[in-house]
Structures are given as structure tokens and as C-alpha cells.
Amino acid sequence: MKVLVIGGGGREHALVWKLAQDSCQPQLFCAPGNAGTAALATNLPIAAEDVAGLLTWATQNRPDLTVVGPEAPLCAGVVDAFTAAGLRTFGPCQAGARLEGSKQFSKEVMLAAGVPTARAATFSDATMAIQALQQFRTPVVIKADGLAAGKGVVIAATHAEAAEAIQAMLVEKVFGAAGATVLIEEFLEGEEASILALVDGEHVALLPSSQDHKRIFDDDQGPNTGGMGAYSPAPVVTPDLLPLIRERVILATLRELRRRGIIYKGVLYAGLMIGKQGVQVLEFNCRFGDPETEAVLPRLAGDLIPVLQACIDGTLDESMVRVRPEACTTVVMAAGGYPGTYTKGTPIHGLAAAAQQTDVCVFHAGTTLHNGEVVTAGGRVLAVTALGADLPQAVAHAYAGVRAIRFEGAQYRTDIARRAFNR
Ligand code: AMP
Ligand code: GLY
């Protein structure tokens, strides 16, 4: 069985690592992959966004299953193109991926489906948007409609700051077409958590809860990043919330999409805010989260391929997902300077020693091989992951892995999962 994984970050290394353990012993390919995936799969020199290049390779090499990691190819229609070529592909169609690709569409679907979410208004005219700010209390959230590489959300403390963000998006076009429409959204308080749901268009299997750490520094200080670490389970997602998340968030959204003629398959990732007002959806993503995937996949028992196939075939059943009792933590080691500018090509030492620590698995995010040596190749470099009997033990194991690794300028948070201990 041949399986192609599209993408080259920590999420894709975790997917390749999990798929490599499936009992059918698949032959794995990863496009473009990284130094970590190279140990388990054949890396293909095709960018994840290069849908035409991926399709050419796939029509010639006929993978039995393709798993799409990042949002860009999903929003560009890679699943539609592969499916039309008779290739079985895990992920939503282009119309479904708009749940992530357009925050306006996502909000419209949520309102129609009765999904609990923040009040918002949509504008493409700056003057009208700035006038409408008066109807929102501060802090207020300004969001670019389209994909803006995780930078399209501004939490403005004052109306003046909000007006500035609106001006930057609608007039100065700092995000190009992605910012041609903006949402003004009510600010929600609470604690964030991620629920990744596997879906087949109609049925759902919730994966274990997790929590990302978006800020670069300890205690949630400094600028937002792609995610500096994650852990699973996230105790803020208490068991009593799960039926509501399943019914009122995931199933309601799938139903509303079906009403619009969209059969959504793959991962429906709900970014949640859990607070006084209960569970509210901050955003939907159309894919596995990164770094949440690195903390969630190690907790799954049994084969993954049959579950992904059931999502494609419309035969998903919640009992297909079995969760191990252990907790999992992943700590991202990033390049110095990230999320600003950083250098690449820095040699990484201690990977083998880290892998020998109890229950540690080092997922590569931004790495590549240079003359046989693993060097940095991105902002988020490694996702050092460990299981443990409980969260404190998983954290201790993961940091033992981190301490074994050295590269110049390395930075990481020292408080991953700490919020869960304080509950
Ligand atoms: P998004 O890309 O929509 O998830 O936004 C990125 C981050 O901005 C989220 O993870 C939250 O931390 C924050 N955020 C987005 N929307 C809101 C909101 N309505 N209230 C409070 N924080 C928000
Ligand atoms: N961890 C956030 C994301 O994957 O979008």
C-alpha cells in the first residue's frame, strides 16, 4: 500500500510516524517532507502548494491514499483534483476548505447552523467598518477574511487601534486579497482549546482534546507564532462539554454544509473558547492542527489508515478511534529570532540522545539534511514530544528530550501544559 503525505512540517512528520506503524506496513512518500520524514518515507521534491506537480506525481505513481496536511493545497482544491483523477484523498474539497479559507463564509455557516460563536460584522469598505466599531466594546477583534499565514487577527485594545488595523487591511492591503474583506468581532474571554474531529461528511469521531500555545514566550507573552507547544488532553474540555461540541458544533456544521451541497470529509478542527459564556467557536480549520497533531496522534491506539479511509468512504464510526490513557506533550524548539527573521542552516546536535529519553519522540518541523547532517530550515524547528502516565510526567519527559538537543539560537517555552496543572 502506497501512502502520500502532503506537507513538510511537524504535523506531517507525526502523520508519517503514525502511518509507518500501521499493520499494513505502507510504503510512505512525503512531499516535500523534512529530515525527520526522510527516515520513514521517501521525500519528494514537490512543494505542498504545487497542486499541479503533486497531481503529476500521483497520476504516475498511483498512491492508494493521500493525506493532505496544510490548508493552502486544500484551499487550492488538491482534493478535488486528486479525486477527479481517481485518487483516494483524505481532506475536504475546495468548497469545504472555505471554512478555513474565508472567515466570512465560516461565520455565515456557523450562524446558519446555530453554532455558538462570537457576534461579528463583515465589511469591505473602511469608512463603514470604522463607523461600525462604535457597536463593539473594547477589546475588539479585527480579522482578515482570507488566509494570512496566521497573522490576520488583531486584538485591538482601543477603537483607534482597531481603526488602524482596518485601515491596514482594507486600504493599505497588507494581506493583499486575503484582507479585502474584514470581520469585526466581539472579544471572547476564557481559555482556548482545540478539538480535531475526523468526519466523513455525516458522521464524526472526536479526537482527544488539546491545547496550543500561540505566543512565543512563557506566560503567553510576546507575539503570536504558529504554535510553540501543545498537550493532550486539555482538562478545560471537561467530558460534559463533548456532547455539545459533537452535536452543536461539528454535526450541525456538517449538516449545514450538506444543505449547501458540500460533503465535508477529513478533519474539521474547531478552535474553541471556553469561558463563562460556555463553549464558543473562534475559528474552524480544515486540517490537522500544528502542533496539536504532534500531541494527539501519539495518543491514538491502533491503525490510522482504516480510519482515514472510512472518512473518505462515508463509513466512519466513533468506535474506530481508540485513545490511549497516557497524556502527551509536545514542546516546539524554534530558531532564534522566530517569529521574526531567523537564520537557516544551523546544525542540530543531540537528536539521537533525545530520542533515547523515556517515551520521547522528536518530530521534525523545519529541518533538512545538508551533507548528511540535520540542519535548521524553518522557524519552528522541532516538536519534541513525549507520552507520560499523566500530564506532569509527559511534560517532564518532553523537557528531558529538549535538554538533550542543542542548536545555536534555539528558543522554547518552559511552561508548556502548566496551565493544566494549575486547574
Ligand atoms: P483565529 O485565527 O480566528 O483563531 O484567531 C487567532 C487567535 O486570536 C485565536 O487563537 C485567539 O487567541 C484570538 N482570537 C480570535 N478571535 C477571538 C475572539 N473573538 N475573542 C478573543 N480572542 C480571539
Ligand atoms: N495550532 C494552530 C493551527 O494549526 O492553526
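Figures for the structure shown
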| read-out | value |
| --- | --- |
| Verdict on residue 201 being away from ligand 1 (no atom under 16 Å from the Cβ) and surrounded by fewer than 16 Cβ atoms within 10 Å (Cβ to Cβ) | no |
| Residue satisfying condition, being in contact with a strand residue (DSSP E or B) (Cβ under 6 Å, 6 or more places away or on another chain), without any contact (Cβ under 8 Å) to a residue 60 or more places away in the chain and either on the phi < 0 side of the Ramachandran plot or within 16 Å of ligand 1 (Cβ to nearest atom) (or both), within set 209, 194 | 209 |
| Single match in 183, 170 (criterion: within 14 Å of ligand 1 (Cβ to nearest atom), surrounded by 20 or more Cβ atoms within 10 Å (Cβ to Cβ) and of a type outside the set (Phe, Trp, Tyr)) | 183 |
| Matching residues, segment 388-410, being surrounded by fewer than 21 Cβ atoms within 10 Å (Cβ to Cβ), under 23 Å from residue 352 (Cβ atoms) and out of contact with any Gly (no Cβ under 6 Å at 6 or more places or on another chain) | 388, 393, 396, 399, 400, 403, 407, 408, 410 |
| Those residues of segment 1-31 which are assigned to a strand (DSSP E or B) and in contact with a helix residue (DSSP H, G or I) (Cβ under 9 Å, 6 or more places away or on another chain), in sequence order | 2, 3, 4, 5, 6, 7, 28, 29, 30, 31 |
| Subset of segment 81-115 [within 16 Å of ligand 1 (Cβ to nearest atom) and not small (Gly, Ala, Ser)] | 98, 99, 100, 103, 104, 105, 107, 108, 109, 110, 111, 115 |
| Residue among 283, 318 that is within 16 Å of ligand 1 (Cβ to nearest atom) and either modelled with pLDDT of 95 or more or at positive phi (or both) | 283 |
| Helices (runs of 4 or more DSSP H) lying entirely in segment 337-423 (those with 3 or more residues that are closer than 19 Å to residue 231 by Cα and at pLDDT 95 or above) | 391-403 |
| Test: residue 263 is touching a strand residue (DSSP E or B) at 6+ places or on another chain (Cβ under 9 Å) and outside any strand (DSSP E or B) | yes |
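The values are calculated or read from the model by the stated rules, or taken from the named source; none is laboratory data. Everything numeric in this text was worked out from a predicted model, so none of it was measured. Every residue, glycine as well, gets a Cβ built from its backbone with ideal geometry; the counts of neighbours run over all protein chains shown.
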